[in-house]
Amino acid sequence: TIRCVVSHPSASNSPLNSNTVDFNVVLPTARKILYIEEFDVNATLHSTQEVDLVDGALEIIPDQTGIAATSNWNRIYSIYAPEDDLSVKVTLSGAAGGPHGLNDADLGGQGGKSVFNLTLEQSQEYVANLGAAIWPSGGNSSTRGDGGGGSFFYEGGELLMASGGGRGAYSQNGQ
């Protein structure tokens with residue numbers, strides 16, 4: 001338990017006692033904290049988040065997660081473990097290709113998918129650059145849908161993994 005006592009010889013209400021609170025020591029292994037910062041391609045910071053992997057897996061899907069969506073362009077996530085080395089499994093997918101037209105049922109090809117195990121070293125920055133199905137991230141075509149952009153995972157400035165984007169859709173008449 002912890003409480004605070006404040007006193008001064010000339011104060012009329014001295015000493016003052018705070019409420020008593022319980023203090024629980026959390027072992028470093030009881031937490032698996034990641035800090036995540038989301039940037040757009042112009043290096044504008046859009047959101048920050050602290051995640052404890054003990055509470056469950058982290059999934060970053062732009063436009064579908066608690067991490068705010070920035071735009072249709074690439075999203076860049078800076079990830080680091082501030083308290084301890086963390087062993088993680090990473091699934092990295094490239095963006096799917098876009099449709100040929102607004103009403104086209106063919107949405108294009110799925111992006112590539114890479115799965116790997118990694119130990120995130122304490123205080124080392126890792127960067128996930130997630131592609132999108134829009135130029136300049138993905139391919140741009142007037143005869144088919146935009147191709148999906150690739151996704152890349154870095155440790156510092158070293159590329160560890162890449163997943164290619166999916167093909168753009170063709171129109172239903174084969175164009």
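The values are calculated or read from the model by the stated rules, or taken from the named source; none is laboratory data. Note that this is a predicted model, so its numbers are computed, not measured. In case anyone asks, the SASA skips ligands and DNA or RNA and just uses the protein heavy atoms, side chains included. Shrake-Rupley method; radii C 1.70, N 1.55, O 1.52, S 1.80 Å.
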Check your understanding: Once fully extended, how much extra length lies between V25 and E158, figured as 0.36 nm per residue of separation less the alpha-carbon to alpha-carbon distance?
Key -> 44.2 nm
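Where does each of H8, H46 land when they are ordered by accessible area, with a 1.4 Å probe and the largest first?
On the way: H8 110, H46 80 Å².
So, going from the largest accessible area down, we get H8, H46.
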Practice item. Please give the contour-minus-distance gain from Q124 to D40: 0.36 nm per residue of separation, less the Cα-Cα distance, rounded to one decimal in nm. Key: 28.2 nm
